[in-house]
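Worksheet: one structure, shown below.
The values are calculated or read from the model by the stated rules, or taken from the named source; none is laboratory data. From a predicted model like this one, the values you see are computed outputs, not experimental measurements. Glycine also receives a Cβ, built like all others from the backbone with ideal geometry; neighbour counts cover every protein chain displayed.
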Amino acid sequence: MSTAAHTGGEAVVETLAAAGVDTVFGIPGGHSLPIYAALHGHSQVRHVLGRHEQGLGYMADGYARASGRLAAVTTTSGPGVANIVAAMAQATTDNVPMVVVSSAPSAALIGRNRGGLHDLNNAIELARPACRYVAHADAVDEISPKLAELIRNLRCNRPGGAFLQVPTNILGATADTAICSSDGDRLAPDMGTVAAAAELLQTATRPLIIAGYGALLAGAGPAIQALAERLDAVAATTTLARGLLGAQSWVVFDDGATPSALTKIFAEADVTLAIGTMFRQEDTAGWQTTPAGRLIHIDIDAAEFDRTYPADVSIHADARLAVEAMVAALPVSTPGAEATWRQHAAGLQHERLEACRQHPAMQFTEALREIIPQDTIVFADRCNVGYWMYRGAAAYEPRTFNYPMGYGGLGSALPQAIGARLA
């Protein structure tokens, strides 16, 4: 790997460019000016200016949700970091890939509480609960490898917020450094566990597939549809993955406040295959809805296994690779599900939607859905109409319905929509 003289700011921008990042959202500050010197006139990376870091972070979040690409943000130290924490937390709880590069006071001032400009005693510890990955660079030649590793984790492991802190004197310094690649391999499944899962599915008479946001991120939609057809399975998505399997797919939703089809179908399915889902509170009536039959769980994050529901087979792997392997492991002809299984599930979902349609807000959301184009990207906020949109509004394509689930940040929809428009 060749090296060349780079400032710390150049190391940041060139590493992002090498990772295929073409848009950086940011607000400049005195401590982060070396990054802006590197961004100025860059042939591959454009800069989108914001007015407040929280809104800026939500713009980046919307950009990533709509495009499927990595969102990159730069902010200055102190209040810049504090302001963007809410957006980083939303990205982390909803598994949206976002990397934030922040300046910090000069290395000699960090943690000293001497009253320096934009001083914050420990920005890393402020960012840590809101992020999945954090790092600090103490030298110019540490910037590219640490930033590349953060990006690699977001792409090959479980995504979310990632945070890199670099002192301003390091950003402005010059040193010979290599620009590192963030390329990495997706995690392939263990074929023994795939075979065990395929054996369970092959004998299922009432199979249920639940595809979560992890399946959407992995691009597993076509493989899941092929598997569902092979098994005659009921195929459903979680709220965040809505549209992954087309508008007619079943949507798992059970907030405990609306009539639930999920409770019934979980109790009746003899094998449930959960793909890239953490079984969120708002999808499972506060975790009161439980699968009565056998459970197979695929996830890129092994920490999710048995966290909510114990699985009979756990497959630690990229969702697309795991489902493709499962399709290959099944015989071309399987006994298939009971003849009326899919029809029965569709009837339960129809009953639930009809009950929801008695509410005026649901009537409004369905009327809105009828007049906007099917490829419109919708961002719903935490509000009454938003609640009813995520209870039943149709999504015809992946990434066209977006909602702040886990962290539930208020006021995110407008800046997210602006970010999506820039994607």
Do we have A328 as loosely packed, with under 14 Cβ neighbours inside 10 Å, under 30 Å from C156 (Cα atoms), of a type outside the set (S, T, Y) and free of Cβ contacts under 8 Å to residues at least 12 places away in the same chain here? yes
Where residues in region 280-308 are assigned to a loop (DSSP other than H, G, I, E, B) and in contact with a His (Cβ under 9 Å, 6 or more places away or on another chain), which of them is surrounded by the most Cβ atoms within 10 Å (Cβ to Cβ)? I300
Can you name the residue in region 309-325 that is among the acidic types (D, E) and buried (at least 17 other Cβ atoms within 10 Å of the Cβ) and is also farthest from A233 (Cα to Cα) among such residues? D318
Determine if region 103-117 includes at least one residue that is modelled with pLDDT of 95 or more, on the phi < 0 side of the Ramachandran plot and crowded, with 24+ Cβ neighbours inside 10 Å. no
Whichever residue in region 390-401 is at pLDDT below 90 and not aromatic (F, W, Y) and, among such residues, is surrounded by the most Cβ atoms within 10 Å (Cβ to Cβ): A395
I'm trying to understand the selection: among the residues of region 257-298, which are more than 22 Å from T93 (Cβ to Cβ) and modelled with pLDDT under 75? T258, P259, S260, A261, T263
Residues of region 363-389 classified as among the hydroxyl-bearing types (S, T, Y) and either at pLDDT below 90 or at positive phi (or both), total: 2
Unique match (being under 24 Å from D318 (Cβ atoms) and surrounded by fewer than 24 Cβ atoms within 10 Å (Cβ to Cβ)) among E199, E142: E199
I want to confirm something. Restricting to region 311-366 and keeping residues that are assigned to a helix (DSSP H, G or I) and in contact with a strand residue (DSSP E or B) (Cβ under 7 Å, 6 or more places away or on another chain), which single residue is farthest from L200 (Cα to Cα)? Q349
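Matching residues to (1) assigned to a loop (DSSP other than H, G, I, E, B); (2) surrounded by 24 or more Cβ atoms within 10 Å (Cβ to Cβ); (3) in contact (Cβ under 8 Å) with a residue 60 or more places away in the chain; (4) of a type outside the set (G, A, S):
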| site | (1), (2), (3), (4) |
| --- | --- |
| A11 | no, yes, yes, no |
| P28 | yes, no, no, yes |
| S32 | no, yes, yes, no |
| S43 | yes, no, no, no |
| H47 | no, no, no, yes |
| R51 | yes, no, no, yes |
| Y58 | no, yes, yes, yes |
| R65 | no, yes, yes, yes |
| R69 | yes, no, yes, yes |
Taking E338 as the residue in question, decide whether it is over 18 Å from D283 (Cα atoms), among the acidic types (D, E) and at pLDDT below 90. yes
Being in the same structural domain as V140 (by TED's automatic domain parsing) and in contact with a Leu (Cβ under 8 Å, 6 or more places away or on another chain): is that true of G41 here? no
Is there a residue in region 172-179 that is buried (at least 23 other Cβ atoms within 10 Å of the Cβ), touching a strand residue (DSSP E or B) at 6+ places or on another chain (Cβ under 6 Å) and not basic (K, R)? yes
P145 being in a helix (DSSP H, G or I), under 18 Å from the mean Cα position of the chain (by Cα) and either within 17 Å of T74 (Cα to Cα) or not assigned by TED's automatic domain parsing to the domain that holds R320 (or both): no
Checking G408, G336 in turn, the sole residue that is surrounded by 14 or more Cβ atoms within 10 Å (Cβ to Cβ), on the phi > 0 side of the Ramachandran plot and within 18 Å of the chain's Cα centre (by Cα) turns out to be G408
Going by what's in this entry, would A339 be described as outside the structural domain of K264 (by TED's automatic domain parsing) and without any contact (Cβ under 8 Å) to a residue 40 or more places away in the chain? no
Confirm whether V166 is outside the structural domain of V81 (by TED's automatic domain parsing), in contact with a helix residue (DSSP H, G or I) (Cβ under 9 Å, 6 or more places away or on another chain), among the aliphatic types (A, V, I, L, M) and surrounded by 24 or more Cβ atoms within 10 Å (Cβ to Cβ). no
Checking D375 against (1) outside any helix (DSSP H, G or I); (2) assigned by TED's automatic domain parsing to the domain that holds L216, the condition it does not meet: (2)
